[in-house]
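This report refers to the structure that appears directly beneath it.
We did not get these values from a lab; they are worked out from the coordinates using the rules stated. Model, not experiment: these values are computed from the prediction. Neighbour counts run over all protein chains shown; Cβ positions are idealised from the backbone, glycine included.
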Amino acid sequence: MNNPLILRAHIDEIEALRDDLLPSAKRGQGDARELAIVLHKIAMEKRDRLRGHPNKQP
C-alpha cells in the first residue's frame, strides 16, 4: 500500500492500539509490553515509508 492517506490512517489506528496497551505494559504485563513494542515498530516503519513517499502531503 502506497497511498499516503491510507498510511496515515493505519498509523493512527496502530498508535491508538499501542496507547490502549501502555497502561497495562507500565503495570508490568509482559504480553501488553511486547505487543506495544511491536505496534510501535510497525507505526515507525509506516512513518518512514510515508516520509519517503513521493506524493506525501503535509
Problem - Crossing angle, helix 4-26 versus the chain [Cα axis fit, 0-90 degrees, rounded to tens] - result: 10 degrees
Problem - Relative contact order [Cα under 8 Å, 6+ residues apart], the chain, whole percent - result: 43 percent
Practice task
Name the residue farthest towards the positive end of the dipole of the chain from the options Gly52, Ala36, Leu17, assuming +1 on Cβ of Lys and Arg, -1 on Cβ of Asp and Glu, about the Cα centre.
Solution key: Gly52
Problem - Derived scalar couplings ³J(HN,Hα) [segment 42-48; Karplus, 6.51 cos²θ - 1.76 cosθ + 1.60; whole Hz; x for Gly, Pro] - result: 5, 4, 5, 4, 5, 5, 4
Problem - Spacing of the two label points (7 Å from each Cα toward its C-beta) at Glu15 and Lys41, in nm - result: 2.0 nm
Problem - Extension gain, Ile6 back to Asp48 (0.36 nm per residue minus Cα-Cα distance, nm) - result: 13.7 nm
